[in-house]
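Following: one structure in structure tokens, then a few remarks.
The values are calculated or read from the model by the stated rules, or taken from the named source; none is laboratory data. This one's a predicted model, so the numbers in the text were calculated from it and none came from an experiment. Because the Cβ atoms are built from the backbone with ideal geometry, glycine has one as well, and the counts that use them run over all protein chains shown.
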Amino acid sequence: MRKGYVQVYTGNGKGKTTAALGLALRAAGAGMSVFLGQFIKEVKASEHKALGRFADLITVAQFGRGMCITREPAREDIEAAREGMRMASEALASGRYDMVILDEINVAVSLGLIDVEDVLLLIRERPSTIELVLTGRGADERIMAEADLVTEMRDIKHYWDKGVKARRGIEK
């Protein structure tokens, strides 16, 4: 029986979701089954097309109506996040997945869409064989304390600051 760990990818730099997607790809390559739940996001990006090629091993679900960082979260945003937590809990308990990735869950917590205690409960009650990956800026200190691995992506320099928009195949 293998042991799963809790990984957190946070910080203001680029690459948190990309790191998680790399883990999903590596896991699928090893024949592992992955659940990727994306909080807040609703737009299908290029990675969704690629992940579709691994549909037998990687399940993708989105729980959001788009980024609500620049607006007050609406009731529908909260309901979508709660549905995401329900599905994440089911994925962890199902015995079907070797890895569960909860993309942007840290942002959902920081926006008040999800209670940090609910995330801590997911961490503590997950089967010990499942790798759990949590991404998003602003990870709560309590989540990081529970994790086995925490990586902070730090923004040093970014072409976005020079007006470069998100590019297909690179950022979207």
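Things to note:
- Taking the listed residues GLY31, GLY22, the one that is surrounded by fewer than 20 Cβ atoms within 10 Å (Cβ to Cβ), modelled with pLDDT of 95 or more and part of a loop (DSSP other than H, G, I, E, B) is GLY31, with no other qualifying.
- Total residues in region 126-139, condition under 17 Å from ILE114 (Cα atoms), surrounded by fewer than 19 Cβ atoms within 10 Å (Cβ to Cβ) and either β-branched (Val, Ile, Thr) or out of contact with any Asp or Glu (no Cβ under 9 Å at 6 or more places or on another chain) (or both): 1
- Residues located in region 1-16, provided they are modelled with pLDDT under 95 and of a type in the set (S, T, N, Q): ASN12
- Condition met for ARG154 (surrounded by fewer than 13 Cβ atoms within 10 Å (Cβ to Cβ) and modelled with pLDDT of 95 or more): no
- For VAL116: the one exception among (1) within 15 Å of the chain's Cα centre (by Cα); (2) under 22 Å from LYS14 (Cα atoms): (2)
- Selection count where residues are within 15 Å of the chain's Cα centre (by Cα) and hydroxyl-bearing (Ser, Thr, Tyr), scope region 13-60: 3
- Helices (runs of 4 or more DSSP H) contained entirely in region 64-172, each with at least 3 residues that are touching a residue at least 12 places away in the same chain (Cβ under 8 Å) and small (Gly, Ala, Ser): 75-94
- Flag for MET85 being modelled with pLDDT of 95 or more and either surrounded by 16 or more Cβ atoms within 10 Å (Cβ to Cβ) or closer than 20 Å to GLY136 by Cβ (or both): yes
- Of the criteria (1) surrounded by 14 or more Cβ atoms within 10 Å (Cβ to Cβ); (2) assigned to a loop (DSSP other than H, G, I, E, B); (3) at pLDDT below 90; (4) touching a strand residue (DSSP E or B) at 6+ places or on another chain (Cβ under 6 Å), which one LEU51 fails: (2)
- Considering the conditions (1) part of a strand (DSSP E or B); (2) in contact (Cβ under 8 Å) with a residue 40 or more places away in the chain, THR59 is excluded by exactly one of them, (2).
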